[in-house]
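For reference, the structure discussed in these notes is given below.
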Amino acid sequence: MERKNATDYPQELLNPFDRYVHGEIGRRDFLDGAKKFAVGGLTATAIWESLRPNYAWAQQVAKDDSRIKTESATVPSPQGNESIRGYLARPAKPGKLPGVLVVHENRGLNPYIEDVARRLATADFIAFAPDGLTSVGGYPGDDEKGGQLFSKVDRPKMTEDFIAAARWLKARSDCTGKIGVVGFCFGGGIANTLAVRMGADLSAAVPFYGGQPPAAEAAKIKAPLLLHYASLDRLTGGWPAYEEALKANHVTYTGYVYEGANHGFHNDTTPRYDEPAAKLAWQRTLDFFNKYLRG
C-alpha cells in the first residue's frame, strides 16, 4: 500500500477517525461519516483501510539486530491481574544499565511498540514493554481486535500491572535502579499516572499526547517530565491547566506542542505519523533519558 501522510486527508476526516481509535464511535459510524469523502471510485472502506496501521512501514530496528537481545518476560502483579507479560529488549553487551518502561496505546503490545523498545535498546537502555491485554489473552495481532479487547480489561487492575512492571524493571540485577517511562496515547496517560504513583522511585517520565492527571495529584510527582503534545489533538486542550499545576508544585518539566501534528504523530505505522515532529520528539526523549537516568 502506498504510504500516505496526514496532509493527504482533510482534517474533518481525521478528527472522527481519532474518535474511532479512542472507542468513542464504532467503525460503522466512522464509515457512514467517511462516505462524503469517498469520491472518484474511492470507497469509505478503502479510506478506513488506508488509515489503519501498516506494520510494514514501521520497523526501524530489526528483531534479529545483533546489537540487542530480546525476550518475553512475565511479571507478577498481585495487586493487578495476577501477572503481565511483556517484551524485554536490551543491548547485547553485558553490564548494568538504566531501564525504560514502554507503555502502548489502547491497542496492546503491537509491533510498533516492540520496535520502540528495540530503539531504546540500541540507545543503551533496558526497555520493557508490557502488554496490558495479558489478562484477556494478549495483543491479538490486529489493532481493531486489540481495541475491542482493551475495553474489557479492568482498568484499575491494568494500572497496577504497569506499576508492577515498572518496579520489576527497577529491581532487575542488570538495571542500575534508575528507570524512566515513555508512553503513547493511553500509555502517555499511564506515564503521567506512574509519575504520580511512584514518586521518587521513578527518575523520568515522557508522556506522548497523554491524558493528564487531576491537578491535585501533581504534588505527588517527583520525577522530571518531558511532555509531547500535538497542536491538532483534543488532548492538548488539557495541557495549560496541567502546566499550571506542575508550576504550582515546582515539578521539573518541559512541554512541547508540535504545530500541525495530529494525535499519534510518533506512530510510524499510520498516516498520522509526522516524521519531522516524531524525529525531533524522539531525539528530545533520548536526550532527556540520558540526562536523568545515567550517572
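The values are calculated or read from the model by the stated rules, or taken from the named source; none is laboratory data. What you see is a predicted model, and the numbers here were worked out from it, not measured in a lab. Counting neighbours? That spans all protein chains shown, and the Cβs are built from the backbone with ideal geometry, glycine included. The area values use the complete protein model at the heavy-atom level, side chains included, leaving out ligands, DNA and RNA. Shrake-Rupley method; radii C 1.70, N 1.55, O 1.52, S 1.80 Å.
Looking at Ala281, Ala204, Ala200 in this structure, which one is within 30 Å of Lys157 (Cβ to Cβ), open to solvent by less than 20 Å² (accessible area, probe 1.4 Å) and at pLDDT 95 or above?
Ala204
Scan the stretch 141-152 for residues that are open to solvent by less than 60 Å² (accessible area, probe 1.4 Å) and either in contact (Cβ under 8 Å) with a residue 24 or more places away in the chain or of a type in the set (S, T, N, Q) (or both) and report the count.
Total satisfying the criteria: 6.
Counting only residues that are touching a strand residue (DSSP E or B) at 6+ places or on another chain (Cβ under 8 Å) and either at pLDDT below 95 or open to solvent by 20 Å² or more (accessible area, probe 1.4 Å) (or both), which one in the stretch 248-261 is nearest to Ile47 (Cα to Cα)?
The residue in question is Val257.
Can you find a residue that is small (Gly, Ala, Ser), open to solvent by 10 Å² or more (accessible area, probe 1.4 Å), outside any strand (DSSP E or B) and under 30 Å from Gly237 (Cα atoms) anywhere in the stretch 118-138?
No, every residue in the stretch 118-138 fails to be small (Gly, Ala, Ser), open to solvent by 10 Å² or more (accessible area, probe 1.4 Å), outside any strand (DSSP E or B) and under 30 Å from Gly237 (Cα atoms).
A quick yes/no check of all residues on (1) touching a strand residue (DSSP E or B) at 6+ places or on another chain (Cβ under 6 Å); (2) closer than 20 Å to Pro10 by Cα; (3) of a type in the set (Ser, Thr, Tyr):
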{"position": "Leu31", "(1), (2), (3)": "no, yes, no"}
{"position": "Lys35", "(1), (2), (3)": "no, yes, no"}
{"position": "Ser50", "(1), (2), (3)": "no, yes, yes"}
{"position": "Pro53", "(1), (2), (3)": "no, yes, no"}
{"position": "Thr74", "(1), (2), (3)": "yes, no, yes"}
{"position": "Gln79", "(1), (2), (3)": "no, no, no"}
{"position": "Gly86", "(1), (2), (3)": "yes, no, no"}
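Of all residues in the stretch 17-40, which are of a type in the set (Val, Ile, Thr), within 19 Å of Gly264 (Cβ to Cβ) and free of Cβ contacts under 8 Å to residues at least 40 places away in the same chain?
Ile25
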